[in-house]
Amino acid sequence: MSLPFKKPSILPGFWPAFSYTILYLSLIVLIPLSAVFLKSVTSTWSHLWRVVTSPEVVASYRLSFGASLVAGMISVVVGFLVAWVLVRYQFPGKALADALVDLPFALPTAVAGIALTSLYTENGWLGRYLAPLGIKVAFTPLGVVVALTFIGLPFVVRAVQPVLADADAELEEAAASLGANRWQVFRLVIFPIVRPALLTGFALAFARALGEYGSVIFIAGNMPMKTEITPLLIVTKLEQYDYAGATAIAAVMLTASFLLLLAINALERRTRKFMTMG
Amino acid sequence: MKPTTFFKRALALLAGSVLFGAGPVKLLNVSYDPTRELYQDINAAFAKQWKAKTGVDVEISQSHGGSSKQARSVIDGLQADVVTLGLAYDIDSIAEHAHLLPANWQTRLPNNSTPYTSTIVFLVRHGNPKHIKDWDDLVRPGVSVIAPNPKSSGGARWAYLAAWGYALKKNNGDDKKAQEFVTRLYKNVPVLDSGARGSTTTFAQRGIGDVLLDWENEAFLALDELGKDKVEVVTPSLSILAEPPVSVVDRVAAKHGTTQVAKAYLEFLYTAEGQEIGARHYYRPRSPEVAAKYASRFAKVQLFTIDEVFGGWQKAQKRHFDDGGVFDQIYLR
Amino acid sequence: MATVALELPRKRTSAIPRSIRRDPPLVRWGLTLLALLALGVFIVLPLVAVFVQAFAKGLPVYLAAIREPDTLSAIRLSLLAAGVSVPLNLVFGVAAAWTIAKFQFKGKSLLVTLIDIPFAVSPVVSGLIFVLIFGAQGWFGSWLIDHDIRIVFAVPGIILATTFVTFPFVARELIPLMQSQGSDEEEAALTLGATGWQMFFKITLPNIKWGLLYGVVLCTARALGEFGAVSVVSGHIRGQTNTLPLHVEILYNEYNYSGAFAVASLLSVIAVITLTLKKFLEWKTKEGASK
């Protein structure tokens, strides 16, 4: 049975598990998603090209990719900090803080959007202190970043946390006994260990942010060319019965996030392999 | 229970309800956002009247959302017996894309199949601190206007066309000047929500903007909900006659065997009782008697129709709201 | 009890503070405060905003909003959607993790990426795809209409969309866990004569049970909370095809802000309770193991 594509193993169940995985994946994800691509090509190429390169759509790519990138990076920094504190330190209420990290997964995105908007408008709890400083959050690209960070943060924390908890203490001690200072230990020992996890967390946060809809439309203000995210334009196209146009934009986004995820998964695997090799 | 017996019983139940009229008749009314409160009352009144007349119970479900989104759902298979949407273009689309009703649907009921009308008015903050009286005040620098996005909201399309119509009239039909006016107006809009209710929330709850462009019925509802000490309604000198139409979705109703009751349901909207319920919810009645009775509710305003000024919805949609249309140009500069 | 013995050393090393791993108090408290501040601003404050607005009109209004028949039917529908999609994704998650973590084969990276895809698909598109397939204008549209089978704008569509959106959660949770555990224990069990299923239930399952529970908790929470995708396929028929998040939107759009936030707070409470419960169980077993 063993085709060249699989390394032999004494563990049983590869073929049933593999077949089931592929079957279920195809039924729930791949075949439905292919509808997007098949629907988009029901129109002429010139129409599709016009749709995906029209100025509003290009402006929305800029916002969606830009804001997701910034939000992903903030998530990486803040998420790493949170994971570090949760793994390394003891403080009262730690269990609760740990549980709360997952809240953005669980809170309906529309609720998150409404709550964030009410916090950050000029008369909101936070907005009223930011407004005198000249910082406007709600109805600006900054608001989009805030919503996307809310969405992305748990992905990073949950990716880094287990790795940090499992990290071998002896490595750090060895480094210290060889004369490394705290910062060197962090930079040369700890950081390389968590780097793949940070990458995974970033990739997931970024990819999720790219498609996010519910929480963003409330806080974005939805001004054409300025604060319209790409998923909103997909919806707008649908309202005009332009299914081909809508699915064409969707296909562009799908392809982009697929390539991104693929690249980061490969990168992560490579770093992991490199590490285990020594 | 074995599946076969289950199916047999289900079938028997189904047959029973069809043959002996055992269960209540079910209708689905797919409507746009602002009509929730209206149809809650209409449904109760109609069910009572239908029961008295035929002895049959009728249960009406409601579905609400943006007008175009709702039309699209019906096209994609949402089982609506009747549609009551924000503008004729959306029902035209159902006829065009899914052929669920004939293209001449709008001629089947009186008054362009619109049992009630509305218009576009302004909602301003209490005391009208920015002295907003008419359309010209909306394009003044420093006035912040809240309106939904016309590409996704039916009410917003009426508002956009109302502003355009006003500018045309003021400038003796100069199309260029009208476009300039509308462009200046939308430059004063800081937030484009996707629907009318979203805009009301932005204006009322978030405290953004000096004036909200809204359906008349929505503005009065907001006044009731939010309090007369917070906002007031300003009616401009000239506005558009907004006609939200209704229709039976023939093929769906035929399949459900509900054609008769669906028709009666829509006709009920034209009766004195239906018209009064509409007027109580701030929809302008078509019936002269009911209109006279509720005259004090509605400010006198000069109204123009979309057919007069824009040559109908198909043309207006194509020129102004389709991709690359006049509305898009505003933001491209 | 081989599993416990093997697990212990790893847990212990990270739990015992040693000099180099112990940061000076200033750094420790500084970082802790910073992290808590970040959590506070990004996560706790929106949650507090939900609760404040939920109770803005007092407890009676709150309870009335939750007891309303439409709310109850939304709760039932949400539970049904989660009740079907979570077990489906659970079985898939275990099978996928087994395949990916325990075997080496070509195209593994691709498979992992494909499993992640539903995370990256915009909720709008996740709903749309099912409309494109099962809608009246879709691939199977006319066949379904002829046979009077309703998928979209009915319960099956809502379940499908929920399953799609929560697809990766369990798998994503298990893959790194099983990878880090390796397969020595399984191989040992097989050498000692265990059958495949014995090995799975006696070794693999106990090893992954917390990760599995965690994945299920997340999957459930997300299934209950999904908004965008379900919104596209629901049809928004009051009392029939509205899930809890959609019901929140409806109440909000009816200017019933405290009602909307009351229902939203219900969802948050469910989330916080399950997440805290999971922490508690984890702590319990750790304690049991170290005795």
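Figures for the structure shown
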read-out: Residue in segment C:136-155 that is nearest to residue A:30 (Cα to Cα), counting only those that are within 10 Å of chain A (Cβ to nearest Cβ) and of a type outside the set (Phe, Trp, Tyr); value: C:138
read-out: Filtered residues of segment A:98-129 (kept if assigned to a helix (DSSP H, G or I) and more than 7 Å from chain C (Cβ to nearest Cβ)); value: A:113, A:117, A:120, A:127, A:128, A:129
read-out: Hits in segment A:213-234 - residues which are without any contact (Cβ under 8 Å) to a residue 24 or more places away in the chain and over 13 Å from residue B:148 (Cα atoms); value: A:234
read-out: Single match in B:207, B:198, B:173 (criterion: within 24 Å of residue A:125 (Cα to Cα) and in a loop (DSSP other than H, G, I, E, B)); value: B:207
read-out: Any hit, segment B:49-68, residues being of a type in the set (A, V, I, L, M, F, W, C) and modelled with pLDDT under 50; value: no
read-out: Criterion violated by residue B:118 - all others in (1) without any contact (Cβ under 8 Å) to a residue 40 or more places away in the chain; (2) touching a strand residue (DSSP E or B) at 6+ places or on another chain (Cβ under 7 Å); (3) among the small types (Gly, Ala, Ser) satisfied; value: (1)
read-out: Residue match in segment B:68-76 (condition: within 14 Å of residue B:244 (Cα to Cα), among the small types (Gly, Ala, Ser), within 13 Å of chain C (Cβ to nearest Cβ) and out of contact with any Cys (no Cβ under 6 Å at 6 or more places or on another chain)); value: yes
read-out: Segment C:41-68, residues that are in contact with a Leu (Cβ under 7 Å, 6 or more places away or on another chain) and within 9 Å of chain A (Cβ to nearest Cβ); value: C:42, C:43, C:44, C:45, C:46, C:47, C:49
read-out: Criterion: within 29 Å of residue A:114 (Cα to Cα) and either of a type in the set (Asp, Glu) or touching a Phe, Trp or Tyr at 6+ places or on another chain (Cβ under 9 Å) (or both) - qualifying residue of C:61, C:41; value: C:61
read-out: Scope segment B:310-333; condition outside any loop (DSSP other than H, G, I, E, B) and either under 20 Å from the mean Cα position of the chain (by Cα) or loosely packed, with under 14 Cβ neighbours inside 10 Å (or both); matching residues; value: B:310, B:313, B:314, B:315, B:316, B:317, B:318, B:319, B:320, B:321, B:329, B:332
read-out: Pick from segment B:196-209, criterion facing chain C (nearest Cβ under 9 Å) and surrounded by 24 or more Cβ atoms within 10 Å (Cβ to Cβ), ranking: nearest to residue A:231 (Cα to Cα); value: B:198
read-out: Complete set of residues in segment C:145-163 that are under 21 Å from residue C:222 (Cβ atoms) and not β-branched (Val, Ile, Thr); value: C:156, C:157, C:160, C:161
read-out: Checking residue B:313 against (1) in contact with a Phe, Trp or Tyr (Cβ under 6 Å, 6 or more places away or on another chain); (2) hydrophobic (A, V, I, L, M, F, W, C); (3) farther than 30 Å from residue C:145 by Cβ; (4) within 14 Å of another protein chain (Cβ to nearest Cβ), the condition it does not meet; value: (3)
read-out: Unique match (being under 30 Å from residue B:148 (Cα atoms) and either assigned to a helix (DSSP H, G or I) or within 11 Å of chain C (Cβ to nearest Cβ) (or both)) among A:132, A:196; value: A:132
read-out: Residues (more than 12 Å from chain C (Cβ to nearest Cβ) and either exposed (fewer than 15 other Cβ atoms within 10 Å of the Cβ) or of a type in the set (Val, Ile, Thr) (or both)) located in segment A:71-96; value: A:76
read-out: The listed residue being at the interface with another protein chain (Cβ under 8 Å from one of its Cβ atoms) and in contact (Cβ under 8 Å) with a residue 40 or more places away in the chain, out of A:139, A:155; value: A:139
read-out: Out of C:47, C:36, C:31, sole residue that is over 18 Å from residue C:269 (Cα atoms), within 27 Å of the chain's Cα centre (by Cα) and surrounded by 16 or more Cβ atoms within 10 Å (Cβ to Cβ); value: C:36
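Rundown of residues vs (1) more than 9 Å from chain C (Cβ to nearest Cβ); (2) out of contact with any Ser or Thr (no Cβ under 9 Å at 6 or more places or on another chain); (3) outside any loop (DSSP other than H, G, I, E, B); (4) among the basic types (Lys, Arg), yes/no style:
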| position | (1), (2), (3), (4) |
| --- | --- |
| A:23 | yes, yes, yes, no |
| A:32 | no, no, yes, no |
| A:35 | no, no, yes, no |
| A:42 | yes, no, no, no |
| A:49 | yes, yes, yes, no |
| A:57 | yes, no, yes, no |
| A:64 | yes, no, yes, no |
| A:69 | yes, yes, yes, no |
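The values are calculated or read from the model by the stated rules, or taken from the named source; none is laboratory data. Everything numeric here is computed off the predicted structure, so don't read it as measured data. FYI the Cβ positions are ideal-geometry reconstructions off the backbone, even for glycines, and counts take in every protein chain you see.
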